[in-house]
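To start, the structure itself, in structure tokens.
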Amino acid sequence: MKLVIRQYLASLKERGELDALLPDLLSQMGLEVFLKPGIGSRQYGVDVGAYGKLSENSENKVYLFSVKSGDLDRKDWDGGNPQDLRPSINEIIDVFIPSRIPAEYKDRSVEICLCFGGEIKEEVRANVSLFLDRQTTNELSLSEWNGDRLSALIEQHMLREELLPKNCRGLLRKSLAMIDEPDISIKHFSQLAISLTKTDDLKPKQILTGIRQLYLCLWILYSWCREEDNLESAFLSAEFSLLNAWEANKFAFEKNNKIAISALTTLDSILRLNLQISHQYVEEKVIPHAGNLYALSHAVRSSCAVDVNLKLFDVLGRLALSGCWSYWYLGKRKISADNDESTRFFTEAVASCQETIKKLVVNNPILFTPYKDDQAIDLVLALWFLSLDPKHWQDINSWLVNMTHQVFQMFRLHDKYPTTISSYAELIEHPIDKTDEYMKSVTKGSILYPYISAFSATMGFEKPYEIIKRIKEEYLSHCNFQVYFFDESSEEHFYRFDKMHGATLSNTNLTEEPDDFIEQLVSECEQSNKVYEMSAFKYSFWPIILTGCRHYRLPVPMHFIVDIYKQRKEP
């Protein structure tokens, strides 16, 4: 396990990775962290500052960490860059210690810690050792925190045996070993996440430790996936970890103490890591190829149209959800008046995801023909995300017109029309015959058509609404059109999905005019409004609801669409 952690630390970048892990480690060791990495503010060589003692027999000290990534070589030690380690240490001694240490720690001894994920190269070992000896005094000491020491501390304090049982260590190893088989890797990591986020009979401090351990394990998985250039396991494991961490972390929102604040900080770290993994997936695997005709369809590397269809709709949902998270973060930045660089980043990310969705659809026409009814989930995520900016509404209309027309033709020809079949083998063979009896047996219910109709009615798109009405009248009179709602048990079961929950409005009436249909939905949403009582909604983390719907394959609550309608109606 120490080797696993050591390899993980060596792969971490300096900013946003190694320096983000260090505060959690120090807190778990019992130190009080008074300075964390900042962006835009000068920190005079110190990335992390903490106060306390490392063992029972040691004295309380101020620990000042200057963090570098990977191995420490001559270039990183003193290569002429102000950000190199030696100039940073000089700045700590000359400026930070005399003027920036908190007043309550002024009379305490100081230890400057050279922190890096790798090791000191032999070419610079003598230089570093002599420098440290010259700077050491009675009140000032310097120490080396290399990858070996960090991995030992992580193993001792964050993954120690009584808190991370042997079976969890085994699950992590198995997940890492099977990165090239993502389904198996995800299975093992999901079991690990469930074990670490159990809250039964645990005290808040124990829950916090489990969440920190999950964050570290997810980082290790991500770093290995990144090395193998295969993000699939990390992507889905991050979604699952976020949902389970939210369930375990709910206690912290009702408290206002040190443990609760630390728990919320760790949850935020998992949120950010999920966004980082999602952003890398979208930036590297989707955006560069979405503008080329059939590029992503061809990248599926299958001669079977079903494989291409399933994967492209999956990519569509991931892309839309990544955009939704960027939109949420952008809103947070505007509220908090955070720095312009962050605001600009998320603004560009939202615009990029929206444009990429349109390119993806245009250049991969198979996205006009859903094969499975539950692809409505990915479709709704994309439509809702695009609808956030009215300039995309005409593109949404064109997409829905083409899609509903194609689906109508599929029913007319009895060829690959959307079905509720869940078995992959059966889906490949679908339709096995062209009889009405078979068609009725595989189209007994649907969420696809009510959601398309709801979007069409909300945005005033007449043609797709009328085509769905015609499909219902001519081919699906037997089909139960359904709309999903949360119920009283959803808060308890949604984030872990350990039990089915929710309720449906069945046989929605599309024979009505669009305005009457949407008013029916508005009325039902007002009566079945448990979605607003979900903790993720109450604390303004609404993308978690969308993440759970995509990950667990649950329909997006109709309230998201109805809210668009209500906003349009506002004067």
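The values are calculated or read from the model by the stated rules, or taken from the named source; none is laboratory data. This structure is a prediction, so every number in the text was calculated from the model and none was measured. Counting neighbours? That spans all protein chains shown, and the Cβs are built from the backbone with ideal geometry, glycine included.
Residue pairs whose Cβ atoms lie under 6 Å apart, sitting 6 or more positions apart in sequence or on different chains, and linking a residue in the range 42-58 that is at positive phi to a partner that is among the small types (Gly, Ala, Ser), are Gly45/Ser66; Gly45/Ser88; Gly52/Gly30. Contact annotation: residue pairs with Cβ atoms under 7 Å, 6 or more positions apart or on different chains, pairing a residue in the range 86-98 that is in the same structural domain as Phe116 (by TED's automatic domain parsing) with a partner that is surrounded by fewer than 20 Cβ atoms within 10 Å (Cβ to Cβ) and among the hydroxyl-bearing types (Ser, Thr, Tyr), are Glu91/Tyr44; Ile92/Tyr44; Val95/Tyr44; Phe96/Tyr44. Summed over the range 432-466, the residues that are surrounded by 22 or more Cβ atoms within 10 Å (Cβ to Cβ) and in a helix (DSSP H, G or I) give a count of 14. Just one residue in the set His430, His392 is at pLDDT 95 or above and more than 33 Å from the chain's Cα centre (by Cα); that residue is His430. Filtered by the rule that a residue be charged (D, E, K, R) and either free of Cβ contacts under 8 Å to residues at least 60 places away in the same chain or on the phi > 0 side of the Ramachandran plot (or both), the range 194-248 gives Lys198, Asp200, Asp201, Lys203, Lys205, Glu228, Asp229, Glu232.
Residue-wise test of (1) in the same structural domain as Gln409 (by TED's automatic domain parsing); (2) at pLDDT 95 or above; (3) more than 21 Å from Pro464 (Cβ to Cβ); (4) touching a Cys at 6+ places or on another chain (Cβ under 9 Å).
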residue: Tyr495; (1), (2), (3), (4): yes, yes, yes, no
residue: Phe517; (1), (2), (3), (4): yes, no, no, no
residue: Gln520; (1), (2), (3), (4): yes, no, no, no
residue: Ser540; (1), (2), (3), (4): yes, no, yes, no
residue: Cys549; (1), (2), (3), (4): yes, yes, yes, no
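Can you confirm whether the range 328-341 contains a residue that is assigned by TED's automatic domain parsing to the domain that holds His478, crowded, with 22+ Cβ neighbours inside 10 Å and not acidic (Asp, Glu)? Looking for residues that are assigned by TED's automatic domain parsing to the domain that holds His478, crowded, with 22+ Cβ neighbours inside 10 Å and not acidic (Asp, Glu), one finds none in the range 328-341, hence no.
Selection of first residues in the range 362-385 that are of a type outside the set (Ser, Thr, Tyr) and of second residues that are assigned to a strand (DSSP E or B), restricted to Cβ pairs under 6 Å at least 6 apart or on distinct chains, gives the following pairs, ordered by first then second residue: Asp373/Ser446.
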